[in-house]
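Visitor: Below is the structure I would like to discuss, written out as C-alpha coordinates.
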Amino acid sequence: MTHAFWETEVGELLRVRPGFRLSDVDPASTPGTGARKRAGFEELARAAQELRVLQEKLFAQSRLGARERLLVVLQAMDAAGKGGIVNHVFGQTEPYGLALTAFKAPTGEERAHDFLWRVERRVPEPGMIGVFDRSHYEDVLIQKVRGFAPPEEIERRYGAINDFETRITADGVRIVKIMLHVTPEEQAERLISRLDDPEKHWKYNPGDVDERLHWPAYMDAFQTAIERTHSETAPWYVVPANAKWYARVAVQRIVISELAKLSPHWPEPEFDVAAERQRVIDSLDLRWPE
(Lines give C-alpha, C1' and ligand atoms only; values in the text may rest on other atoms or scores of the structure.)
Protein backbone atom coordinates (compact mmCIF):
# COMPACT_ATOMS: atom_id res chain seq x y z
CA MET A 1 0.00 0.00 0.00
CA THR A 2 1.38 3.41 -0.96
CA HIS A 3 0.42 6.87 0.26
CA ALA A 4 0.55 10.32 -1.30
CA PHE A 5 3.93 10.95 0.31
CA TRP A 6 5.39 7.70 -1.02
CA GLU A 7 5.68 7.05 -4.73
CA THR A 8 6.16 3.32 -4.06
CA GLU A 9 6.45 1.00 -1.08
CA VAL A 10 9.68 2.19 0.52
CA GLY A 11 10.30 -1.06 2.36
CA GLU A 12 10.62 -2.88 -0.95
CA LEU A 13 13.23 -0.36 -2.07
CA LEU A 14 15.32 -0.50 1.10
CA ARG A 15 15.10 -4.22 1.85
CA VAL A 16 18.34 -6.08 1.20
CA ARG A 17 18.26 -8.26 -1.93
CA PRO A 18 20.65 -10.84 -3.43
CA GLY A 19 23.82 -9.14 -4.64
CA PHE A 20 23.42 -6.26 -2.18
CA ARG A 21 26.41 -3.94 -1.86
CA LEU A 22 26.47 -1.34 0.88
CA SER A 23 28.75 0.80 -1.25
CA ASP A 24 25.92 1.14 -3.80
CA VAL A 25 23.64 2.89 -1.27
CA ASP A 26 23.80 6.68 -1.34
CA PRO A 27 23.30 7.90 2.25
CA ALA A 28 22.14 11.29 0.93
CA SER A 29 19.36 9.83 -1.22
CA THR A 30 15.64 9.67 -0.42
CA PRO A 31 14.34 6.58 -2.26
CA GLY A 32 10.62 6.27 -2.77
CA THR A 33 9.67 9.93 -2.46
CA GLY A 34 10.27 13.23 -4.17
CA ALA A 35 9.02 15.10 -1.10
CA ARG A 36 11.19 17.33 1.04
CA LYS A 37 11.70 18.00 4.74
CA ARG A 38 8.46 19.81 5.60
CA ALA A 39 6.34 17.16 3.89
CA GLY A 40 8.35 14.54 5.77
CA PHE A 41 7.38 16.07 9.11
CA GLU A 42 3.74 16.09 8.02
CA GLU A 43 3.90 12.44 6.95
CA LEU A 44 5.50 11.44 10.23
CA ALA A 45 2.62 13.03 12.14
CA ARG A 46 -0.06 11.66 9.79
CA ALA A 47 1.15 8.05 9.97
CA ALA A 48 1.59 8.07 13.75
CA GLN A 49 -2.05 7.15 14.28
CA GLU A 50 -1.77 4.33 11.74
CA LEU A 51 1.15 2.94 13.73
CA ARG A 52 -0.66 3.29 17.06
CA VAL A 53 -3.75 1.41 15.83
CA LEU A 54 -1.63 -1.52 14.64
CA GLN A 55 0.30 -1.48 17.91
CA GLU A 56 -2.88 -1.49 20.00
CA LYS A 57 -4.35 -4.38 18.00
CA LEU A 58 -1.14 -6.34 18.51
CA PHE A 59 -1.23 -5.68 22.25
CA ALA A 60 -4.96 -6.38 22.56
CA GLN A 61 -4.86 -9.76 20.89
CA SER A 62 -2.03 -10.89 23.16
CA ARG A 63 -4.40 -10.52 26.13
CA LEU A 64 -6.23 -13.56 24.75
CA GLY A 65 -3.14 -15.65 24.08
CA ALA A 66 -1.76 -14.51 20.71
CA ARG A 67 2.04 -14.91 20.55
CA GLU A 68 2.91 -12.34 17.86
CA ARG A 69 5.30 -9.45 18.61
CA LEU A 70 7.70 -7.24 16.67
CA LEU A 71 11.42 -6.75 17.31
CA VAL A 72 13.09 -3.78 15.62
CA VAL A 73 16.90 -3.82 15.66
CA LEU A 74 18.60 -0.46 15.05
CA GLN A 75 22.28 -0.48 14.08
CA ALA A 76 24.43 2.39 12.85
CA MET A 77 27.62 4.29 13.28
CA ASP A 78 27.62 6.85 16.10
CA ALA A 79 25.49 9.98 15.51
CA ALA A 80 23.60 8.32 12.66
CA GLY A 81 20.22 9.08 14.24
CA LYS A 82 19.15 6.07 16.31
CA GLY A 83 18.04 8.31 19.16
CA GLY A 84 15.97 10.43 16.80
CA ILE A 85 14.25 7.32 15.47
CA VAL A 86 13.42 6.20 19.00
CA ASN A 87 12.06 9.63 19.93
CA HIS A 88 10.21 10.58 16.77
CA VAL A 89 8.93 7.20 15.56
CA PHE A 90 8.51 5.02 18.63
CA GLY A 91 7.92 7.97 20.92
CA GLN A 92 4.53 8.30 19.20
CA THR A 93 3.43 4.81 20.22
CA GLU A 94 1.67 3.75 23.42
CA PRO A 95 4.31 3.19 26.13
CA TYR A 96 2.52 0.17 27.62
CA GLY A 97 3.14 -1.72 24.36
CA LEU A 98 6.77 -0.68 23.83
CA ALA A 99 9.92 -2.30 25.25
CA LEU A 100 13.08 -0.29 24.54
CA THR A 101 16.55 -1.64 25.26
CA ALA A 102 19.66 0.48 24.73
CA PHE A 103 22.53 -1.97 24.90
CA LYS A 104 25.73 -0.57 26.36
CA ALA A 105 29.11 -2.19 26.97
CA PRO A 106 28.47 -5.54 28.69
CA THR A 107 28.70 -5.69 32.46
CA GLY A 108 30.89 -8.16 34.30
CA GLU A 109 27.92 -10.47 34.79
CA GLU A 110 27.04 -10.27 31.10
CA ARG A 111 30.63 -10.98 30.04
CA ALA A 112 30.53 -14.14 32.14
CA HIS A 113 27.88 -15.55 29.75
CA ASP A 114 27.68 -16.08 26.00
CA PHE A 115 27.15 -12.85 24.06
CA LEU A 116 23.49 -13.67 23.37
CA TRP A 117 22.60 -14.22 27.05
CA ARG A 118 21.70 -10.59 27.74
CA VAL A 119 19.85 -10.31 24.41
CA GLU A 120 17.66 -13.34 25.10
CA ARG A 121 16.47 -11.64 28.29
CA ARG A 122 15.23 -8.61 26.33
CA VAL A 123 13.25 -10.35 23.58
CA PRO A 124 9.82 -8.65 23.65
CA GLU A 125 6.88 -10.41 25.25
CA PRO A 126 3.80 -11.29 23.15
CA GLY A 127 1.89 -8.21 22.05
CA MET A 128 4.87 -5.88 22.43
CA ILE A 129 7.02 -3.89 20.05
CA GLY A 130 10.61 -4.32 21.14
CA VAL A 131 13.29 -1.88 20.02
CA PHE A 132 17.00 -2.61 20.34
CA ASP A 133 19.14 0.56 20.22
CA ARG A 134 22.27 -1.35 19.23
CA SER A 135 22.12 -5.09 19.72
CA HIS A 136 23.84 -8.43 19.42
CA TYR A 137 25.28 -7.15 16.14
CA GLU A 138 27.80 -5.09 18.08
CA ASP A 139 29.41 -8.45 18.81
CA VAL A 140 30.22 -9.00 15.12
CA LEU A 141 30.91 -5.34 14.31
CA ILE A 142 33.08 -3.60 16.88
CA GLN A 143 34.46 -6.92 18.07
CA LYS A 144 35.56 -7.76 14.53
CA VAL A 145 36.88 -4.31 13.61
CA ARG A 146 38.84 -3.82 16.81
CA GLY A 147 40.00 -7.42 17.07
CA PHE A 148 38.42 -7.92 20.51
CA ALA A 149 37.41 -11.46 19.49
CA PRO A 150 39.38 -13.88 17.26
CA PRO A 151 38.16 -14.56 13.69
CA GLU A 152 36.94 -18.06 14.52
CA GLU A 153 34.76 -16.66 17.33
CA ILE A 154 33.28 -14.03 15.01
CA GLU A 155 32.45 -16.82 12.56
CA ARG A 156 30.72 -18.78 15.33
CA ARG A 157 28.67 -15.75 16.25
CA TYR A 158 27.16 -15.36 12.78
CA GLY A 159 25.79 -18.89 13.08
CA ALA A 160 24.64 -18.31 16.65
CA ILE A 161 22.78 -15.16 15.59
CA ASN A 162 21.03 -16.99 12.76
CA ASP A 163 20.01 -19.83 15.08
CA PHE A 164 18.76 -17.36 17.72
CA GLU A 165 16.71 -15.35 15.23
CA THR A 166 15.26 -18.49 13.64
CA ARG A 167 14.21 -19.78 17.04
CA ILE A 168 12.47 -16.63 18.26
CA THR A 169 10.79 -16.17 14.87
CA ALA A 170 9.24 -19.61 15.29
CA ASP A 171 7.82 -18.39 18.62
CA GLY A 172 5.97 -15.46 17.05
CA VAL A 173 8.64 -12.74 16.89
CA ARG A 174 8.80 -10.79 13.66
CA ILE A 175 12.29 -9.34 13.31
CA VAL A 176 13.12 -6.16 11.40
CA LYS A 177 16.81 -5.19 11.25
CA ILE A 178 17.61 -1.65 10.17
CA MET A 179 20.95 -0.06 9.42
CA LEU A 180 20.93 3.74 9.34
CA HIS A 181 23.55 4.66 6.76
CA VAL A 182 25.34 8.03 6.86
CA THR A 183 28.49 9.37 5.24
CA PRO A 184 31.57 10.08 7.35
CA GLU A 185 31.20 13.75 6.39
CA GLU A 186 27.65 13.85 7.77
CA GLN A 187 28.76 12.14 10.96
CA ALA A 188 31.54 14.72 11.39
CA GLU A 189 29.03 17.57 11.07
CA ARG A 190 26.81 16.02 13.73
CA LEU A 191 29.70 15.45 16.12
CA ILE A 192 30.88 19.03 15.67
CA SER A 193 27.34 20.31 16.28
CA ARG A 194 27.39 18.51 19.64
CA LEU A 195 30.66 20.19 20.53
CA ASP A 196 29.34 23.61 19.48
CA ASP A 197 26.26 23.35 21.71
CA PRO A 198 26.86 23.18 25.49
CA GLU A 199 23.46 21.54 25.91
CA LYS A 200 24.64 18.65 23.74
CA HIS A 201 28.06 18.09 25.29
CA TRP A 202 26.58 15.20 27.27
CA LYS A 203 25.86 13.42 23.98
CA TYR A 204 29.47 13.65 22.81
CA ASN A 205 31.78 10.72 23.41
CA PRO A 206 35.50 11.14 22.58
CA GLY A 207 35.55 7.43 21.80
CA ASP A 208 33.31 8.08 18.80
CA VAL A 209 36.26 9.67 17.02
CA ASP A 210 38.40 6.62 17.77
CA GLU A 211 35.82 4.40 16.07
CA ARG A 212 35.42 6.87 13.22
CA LEU A 213 39.05 6.32 12.26
CA HIS A 214 38.09 2.75 11.34
CA TRP A 215 35.25 3.75 8.99
CA PRO A 216 36.20 1.55 5.98
CA ALA A 217 36.63 -1.46 8.27
CA TYR A 218 33.21 -0.82 9.80
CA MET A 219 31.59 -0.64 6.37
CA ASP A 220 33.18 -3.97 5.49
CA ALA A 221 31.97 -5.43 8.79
CA PHE A 222 28.42 -4.20 8.14
CA GLN A 223 28.52 -5.68 4.64
CA THR A 224 29.59 -9.08 5.98
CA ALA A 225 27.11 -9.06 8.87
CA ILE A 226 24.25 -8.21 6.53
CA GLU A 227 25.26 -10.89 4.03
CA ARG A 228 25.63 -13.56 6.69
CA THR A 229 22.45 -12.83 8.69
CA HIS A 230 19.86 -11.55 6.22
CA SER A 231 16.95 -13.92 5.70
CA GLU A 232 13.33 -13.83 4.61
CA THR A 233 12.16 -14.11 8.21
CA ALA A 234 14.77 -11.75 9.69
CA PRO A 235 15.41 -9.21 6.92
CA TRP A 236 17.82 -6.30 6.84
CA TYR A 237 16.84 -2.84 5.60
CA VAL A 238 19.48 -0.20 4.85
CA VAL A 239 18.03 3.29 5.27
CA PRO A 240 19.85 6.35 3.85
CA ALA A 241 20.13 8.62 6.88
CA ASN A 242 21.99 11.79 5.94
CA ALA A 243 18.56 13.46 5.91
CA LYS A 244 17.17 12.82 9.39
CA TRP A 245 13.59 13.54 8.34
CA TYR A 246 13.80 10.90 5.60
CA ALA A 247 15.27 8.23 7.88
CA ARG A 248 12.45 8.76 10.37
CA VAL A 249 9.57 8.51 7.91
CA ALA A 250 11.22 5.56 6.12
CA VAL A 251 11.67 3.61 9.35
CA GLN A 252 8.12 4.48 10.39
CA ARG A 253 6.73 3.14 7.11
CA ILE A 254 8.85 -0.04 7.29
CA VAL A 255 7.60 -0.71 10.83
CA ILE A 256 3.99 -0.10 9.81
CA SER A 257 4.36 -2.48 6.87
CA GLU A 258 5.97 -5.20 8.98
CA LEU A 259 3.30 -4.87 11.67
CA ALA A 260 0.60 -5.14 9.03
CA LYS A 261 2.12 -8.45 7.87
CA LEU A 262 1.32 -9.84 11.31
CA SER A 263 -2.36 -9.07 10.59
CA PRO A 264 -3.15 -7.94 14.14
CA HIS A 265 -6.87 -7.73 14.87
CA TRP A 266 -9.25 -6.73 17.61
CA PRO A 267 -9.97 -9.87 19.66
CA GLU A 268 -13.50 -11.14 20.01
CA PRO A 269 -14.84 -10.53 23.56
CA GLU A 270 -15.24 -13.50 25.86
CA PHE A 271 -18.45 -12.05 27.30
CA ASP A 272 -21.91 -11.07 26.13
CA VAL A 273 -21.56 -7.42 25.05
CA ALA A 274 -25.28 -6.65 25.22
CA ALA A 275 -25.63 -8.23 28.66
CA GLU A 276 -22.62 -6.36 29.99
CA ARG A 277 -23.97 -3.10 28.60
CA GLN A 278 -27.24 -3.67 30.45
CA ARG A 279 -25.35 -4.47 33.67
CA VAL A 280 -23.52 -1.13 33.41
CA ILE A 281 -26.83 0.70 32.89
CA ASP A 282 -28.40 -1.14 35.82
CA SER A 283 -25.47 -0.13 38.01
CA LEU A 284 -26.51 3.50 37.61
CA ASP A 285 -29.34 2.77 40.06
CA LEU A 286 -26.98 1.73 42.81
CA ARG A 287 -27.48 3.57 46.08
CA TRP A 288 -24.59 3.73 48.49
CA PRO A 289 -25.44 3.10 52.17
CA GLU A 290 -25.99 6.22 54.23
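Per-residue answers, yes or no, for (1) open to solvent by less than 40 Å² (accessible area, probe 1.4 Å); (2) of a type in the set (Phe, Trp, Tyr); (3) assigned to a loop (DSSP other than H, G, I, E, B); (4) touching a Pro at 6+ places or on another chain (Cβ under 6 Å):
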{"residue": "Glu125", "(1), (2), (3), (4)": "no, no, yes, no"}
{"residue": "Tyr137", "(1), (2), (3), (4)": "yes, yes, no, no"}
{"residue": "Phe148", "(1), (2), (3), (4)": "no, yes, yes, no"}
{"residue": "Arg156", "(1), (2), (3), (4)": "no, no, no, no"}
{"residue": "Ile161", "(1), (2), (3), (4)": "yes, no, no, no"}
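Visitor: Only one of (1) in contact with a Leu (Cβ under 7 Å, 6 or more places away or on another chain); (2) within 23 Å of Glu56 (Cβ to Cβ); (3) not acidic (Asp, Glu) fails for Val280. Which number is that?
Guide: Looking at each condition in turn, Val280 falls short on (1).
Visitor: On to the next question. Any idea how many residues of the stretch 103-134 are under 27 Å from Lys244 (Cα atoms) and either modelled with pLDDT under 95 or of a type in the set (Asp, Glu) (or both)?
Guide: Residues flagged as under 27 Å from Lys244 (Cα atoms) and either modelled with pLDDT under 95 or of a type in the set (Asp, Glu) (or both) within the stretch 103-134 amount to 5.
Visitor: Working only within the stretch 17-55, note down all residues that are of a type in the set (Ser, Thr, Tyr) and either exposed (fewer than 12 other Cβ atoms within 10 Å of the Cβ) or touching a Pro at 6+ places or on another chain (Cβ under 9 Å) (or both).
Guide: Passing the criteria: Ser23, Ser29, Thr30.
Visitor: Condition first: over 23 Å from Arg46 (Cβ atoms) and in a strand (DSSP E or B). Now tell me which residues in the stretch 65-82 satisfy that.
Guide: Arg69, Leu71, Val73, Gln75, Ala76
Visitor: Among the residues of the stretch 237-290, write down those that are of a type in the set (Lys, Arg), touching a helix residue (DSSP H, G or I) at 6+ places or on another chain (Cβ under 7 Å) and open to solvent by 70 Å² or more (accessible area, probe 1.4 Å).
Guide: Lys244
Visitor: Please go through the stretch 102-148 and give me each residue that is within 13 Å of Ala160 (Cβ to Cβ) and among the aliphatic types (A, V, I, L, M), ordered by number.
Guide: Correct list: Leu116, Val119, Val140.
Visitor: Within the stretch 13-28, is even one residue modelled with pLDDT of 95 or more, within 30 Å of Glu270 (Cα to Cα), of a type in the set (Ser, Thr, Tyr) and out of contact with any Cys (no Cβ under 8 Å at 6 or more places or on another chain)?
Guide: no
Visitor: Those residues that are open to solvent by 90 Å² or more (accessible area, probe 1.4 Å) and within 25 Å of the chain's Cα centre (by Cα), I need them from the stretch 190-202; list them, please.
Guide: Within the stretch 190-202, Trp202 is the sole residue that qualifies.
Visitor: Going through Arg52, Arg46 one at a time, which residue ends up being closer than 23 Å to Asp133 by Cβ and outside any loop (DSSP other than H, G, I, E, B)?
Guide: Criteria check complete, one pass: Arg52.
Visitor: Is it true that Arg174 is closer than 30 Å to Lys57 by Cα, open to solvent by 10 Å² or more (accessible area, probe 1.4 Å), in contact with a Ser or Thr (Cβ under 9 Å, 6 or more places away or on another chain) and of a type in the set (Lys, Arg)?
Guide: yes
Visitor: Quick check on my filter: what residues within the stretch 83-109 are outside any helix (DSSP H, G or I), of a type in the set (Ser, Thr, Tyr) and open to solvent by 20 Å² or more (accessible area, probe 1.4 Å)?
Guide: Across the stretch 83-109, the qualifying residue is only Thr107.
Visitor: Which of the residues belonging to the stretch 139-155 are without any contact (Cβ under 8 Å) to a residue 40 or more places away in the chain and under 18 Å from Ala234 (Cβ atoms)?
Guide: Of everything in the stretch 139-155, just one residue is without any contact (Cβ under 8 Å) to a residue 40 or more places away in the chain and under 18 Å from Ala234 (Cβ atoms), namely Asp139.
Visitor: Read through the list (1) under 19 Å from the mean Cα position of the chain (by Cα); (2) over 16 Å from Trp6 (Cα atoms); (3) among the aliphatic types (A, V, I, L, M); (4) open to solvent by 10 Å² or more (accessible area, probe 1.4 Å), then give the number of the only condition that Ala76 fails.
Guide: That leaves (4) as the condition not met.
Visitor: Of all residues in the stretch 110-123 being within 18 Å of the chain's Cα centre (by Cα) and part of a helix (DSSP H, G or I), which is nearest to Gly84 (Cα to Cα)?
Guide: The qualifying residue nearest to Gly84 (Cα to Cα) is Val119.
Visitor: Across the stretch 1-43, which residue is nearest to Val251 (Cα to Cα) among those that are touching an Asp or Glu at 6+ places or on another chain (Cβ under 9 Å) and assigned to a helix (DSSP H, G or I)?
Guide: Residue satisfying both the conditions and the ranking: Gly11.
Visitor: Could you please give the count of residues in the stretch 160-192 that are more than 20 Å from Met219 (Cα to Cα) and charged (D, E, K, R)?
Guide: 5
Visitor: Pick out, from the stretch 195-290, the helices (runs of 4 or more DSSP H) lying fully within it that include 2 or more residues that are more than 25 Å from Ala4 (Cα to Cα) and among the polar types (S, T, N, Q).
Guide: Here the list reads 215-229.
The values are calculated or read from the model by the stated rules, or taken from the named source; none is laboratory data. This structure is a prediction, so every number in the text was calculated from the model and none was measured. Glycine also receives a Cβ, built like all others from the backbone with ideal geometry; neighbour counts cover every protein chain displayed. Heavy atoms of the whole protein, side chains included, go into the accessibility calculation; ligands, DNA and RNA do not. Shrake-Rupley method; radii C 1.70, N 1.55, O 1.52, S 1.80 Å.
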